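The values are calculated or read from the model by the stated rules, or taken from the named source; none is laboratory data. Because the structure is predicted, anything quoted here is derived from the model rather than measured. Neighbour counts run over all protein chains shown; Cβ positions are idealised from the backbone, glycine included. SASA here: full protein model, heavy atoms, side chains in, ligands and nucleic acids out. Shrake-Rupley method; radii C 1.70, N 1.55, O 1.52, S 1.80 Å.
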Amino acid sequence: AQDKIHGRRRTGVRYDAEPGMPIPGWWLDDGDRKARRPIVICVHPGGKAAALREALVVHLAKRSCHLLLPDLRGTGETASPIDALGTCPDQKSARGSIWLGRPLMAQWAWDLVRTVDFAQKATGRSDQPVHLVGFAEAGLAAAIASIIDPRVSSVTVMGGLASYVTDKPFKGHRM
């Protein structure tokens, strides 16, 4: 499905982060995916719709770049309504991921590596610069992905955690 948002064509996309783990997203561009433009991937713990409400994403949507907004696993349309416990929105996913030895933050970072794969394949250009933008808790996943994937040329973290150490109870934070 396609529509226009901020003057750009929005196309729904879906690709697999791993077998049985589809990642839905929105691709915003002018319709010319083969044009040599930077690829910007923006992630938000609230999913693609929450990312699209961020001022920086609105600004980027109006610029000449290939903009991809994925729903990392457990966010946006992949979020489970029974995942929350108390004030933690993803308590069950985070706990289960630790039990399996695959922390959710590492899974998000892997989702981003696979998102880079998808974006470069969709544009047909593996030489285009790839930039990651992560909001809040997703900022840490973007930073991790930028460390493990040499194709990422820059990362921006907006409102990310300075530390997991705090004397205040977590309310509404992921992981």
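Okay, here's what the table says:
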item: Unmet requirement for I147, which otherwise passes all of (1) open to solvent by less than 70 Å² (accessible area, probe 1.4 Å); (2) modelled with pLDDT of 95 or more; result: (1)
item: From L67, L56, residue being assigned to a strand (DSSP E or B) and either open to solvent by less than 40 Å² (accessible area, probe 1.4 Å) or farther than 21 Å from D117 by Cα (or both); result: L67
item: Members of the range 106-132 that are among the aliphatic types (A, V, I, L, M) and in contact (Cβ under 8 Å) with a residue 60 or more places away in the chain; result: L112, V116, A119, A122, V130, L132
item: Selected residue (criterion: farthest from E18 (Cα to Cα)) from residues of the range 73-104 that are in a helix (DSSP H, G or I) and either touching a helix residue (DSSP H, G or I) at 6+ places or on another chain (Cβ under 6 Å) or open to solvent by less than 60 Å² (accessible area, probe 1.4 Å) (or both); result: Q91
item: Long-range neighbours under 7 Å by Cβ, at least six apart or interchain, first residue under 21 Å from S93 (Cα atoms) within the range 39-51, second charged (D, E, K, R); result: H44/E54; P45/E137; P45/R174; G47/D71; G47/E77; K48/D71
item: Output for the range 11-45, where each listed residue is of a type in the set (K, R) and part of a strand (DSSP E or B); result: R14
item: One residue from A51, A119 being part of a helix (DSSP H, G or I), in contact with a His (Cβ under 6 Å, 6 or more places away or on another chain) and buried (at least 22 other Cβ atoms within 10 Å of the Cβ); result: A51
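A quick yes/no check of all residues on (1) more than 12 Å from the chain's Cα centre (by Cα); (2) more than 20 Å from K4 (Cα to Cα); (3) at pLDDT 95 or above:
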| site | (1), (2), (3) |
| --- | --- |
| K34 | yes, no, no |
| C42 | no, no, yes |
| D71 | no, no, yes |
| T75 | no, yes, no |
| D83 | yes, yes, no |
| S93 | yes, yes, no |
| R102 | yes, yes, no |
| F118 | yes, yes, yes |
| G124 | yes, yes, no |
